[in-house]
Amino acid sequence: MRKHIVAGNWKMNKTFDEADELVNDIMAKLEEVTLDANTTMILCPPFPYLEMVSDYGDDSYFMVGAQNVSDQESGAYTGEVSAAMLESMELDYCIVGHSERRAYYHETDEIVVRKVDQLLKHGLRPIVCCGEVLEEREAEKQYEVVKRQITDGLFHLSAEQFADVVIAYEPVWAIGTGKTATPEQAQEMHAFIRGLIAEKYGNEVAEETSILYGGSCKPSNAKELFANKDVDGGLIGGASLKAEDFIGIATAF
């Protein structure tokens, strides 16, 4: 049975004290609920807070991931953070190819390939994002776009390597806009992605791959989204910044 995953991407939000308060609030609320035994919760704070959040994570309430990683091993890359550094902090996951990285920092599928390879080399599990913008959706090119991102970004991996990958589908037009893909739209794309994986690696690998939804997921719509058989959780943005909302999503399974 593949994992249900709810990952909180804090993006560039919260001061150190606010981040500390948020983790404490999340832990307090976790004491009041019971997560499904198959659900994994991941917190992905900004780089400066990784160690602080990891210290709380030692209590096994949640796992910790980074929001990004360099595509280089080491060297004169001012401001970058390597996979080896993340490994040395004993992190579990790292987000790769987020739509904001692709749009604002012009990250290509080739860069995503190098980042995925760096993470797997150093024992971290990549959460690899894919998804179409509004113009591509309106032109009915969403499947073409996602297929390219998946095949060009991931299908160089062996089946053994691919088993450590988590995929997050982001309908970019539904991020921070208040719009949400319907449960039917989410299921259609998740099933399409799983089909691509099955064609490449076989049904067993496809059925074991967790595919997350990453577009304006909230407590009010999480249960309906997660009820789809191919939606295995969420990559949560804004709602991960409020403990009550994040826990509300995590308990939707």
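The values are calculated or read from the model by the stated rules, or taken from the named source; none is laboratory data. Worth saying up front: this structure is predicted, and the values here are computed from it rather than measured. Reconstructed Cβ throughout: ideal geometry from the backbone, glycine too, with neighbour counts over all protein chains shown.
Which numbered condition in (1) within 26 Å of K147 (Cα to Cα); (2) surrounded by 16 or more Cβ atoms within 10 Å (Cβ to Cβ) is the only one that M1 fails?
(2)
Just checking, does segment 149-160 include any residue being in contact (Cβ under 8 Å) with a residue 60 or more places away in the chain and either surrounded by fewer than 22 Cβ atoms within 10 Å (Cβ to Cβ) or in a helix (DSSP H, G or I) (or both)? Don't jump to the end; show me each part of the working.
So the first thing to find is which residues in segment 149-160 are in contact (Cβ under 8 Å) with a residue 60 or more places away in the chain, and the list is none.
No.
Of the conditions (1) in contact with a Phe, Trp or Tyr (Cβ under 9 Å, 6 or more places away or on another chain); (2) farther than 25 Å from E208 by Cβ; (3) not in a loop (DSSP other than H, G, I, E, B), R102 fails just one. Which one is it?
It fails just one condition, (1).
Taking into account only those residues within segment 173-191 that are surrounded by 17 or more Cβ atoms within 10 Å (Cβ to Cβ) and either touching a helix residue (DSSP H, G or I) at 6+ places or on another chain (Cβ under 7 Å) or of a type in the set (K, R) (or both), which is farthest from M41 (Cα to Cα)?
W173
Where in segment 164-247 are there helices (runs of 4 or more DSSP H), lying fully within it, with 3 or more residues that are in contact with a strand residue (DSSP E or B) (Cβ under 8 Å, 6 or more places away or on another chain) and within 24 Å of L134 (Cβ to Cβ)? Lay out the reasoning, then the answer.
Numbers: elements: 183-201, 203-208, 219-226.
In segment 164-247, the matching helices (runs of 4 or more DSSP H) lie at 183-201.
Could you tell me whether segment 2-22 includes any residue that is under 17 Å from G65 (Cβ atoms), modelled with pLDDT under 95 and out of contact with any helix residue (DSSP H, G or I) (no Cβ under 8 Å at 6 or more places or on another chain)? It would help to see each step written out before you state the result.
Let us first name the residues in segment 2-22 that are under 17 Å from G65 (Cβ atoms), namely 3-14, 19, 22.
Remaining after also requiring modelled with pLDDT under 95: 3.
So of that shortlist, the ones also out of contact with any helix residue (DSSP H, G or I) (no Cβ under 8 Å at 6 or more places or on another chain) come out as 3.
Scanning segment 2-22 turns up at least one residue that is under 17 Å from G65 (Cβ atoms), modelled with pLDDT under 95 and out of contact with any helix residue (DSSP H, G or I) (no Cβ under 8 Å at 6 or more places or on another chain).
Which count do you get for residues in segment 108-139 that are of a type in the set (D, E, K, R), more than 17 Å from T209 (Cα to Cα) and outside any helix (DSSP H, G or I)? Show your work before the answer.
So the first thing to find is which residues in segment 108-139 are of a type in the set (D, E, K, R), and the list is 109-110, 114-115, 117, 121, 125, 132, 135-138.
Those left that are additionally more than 17 Å from T209 (Cα to Cα): 109-110, 114-115, 117, 121, 132, 135-138.
Applying the additional criterion that residues be outside any helix (DSSP H, G or I) yields 132.
Matching residues across segment 108-139 total 1.
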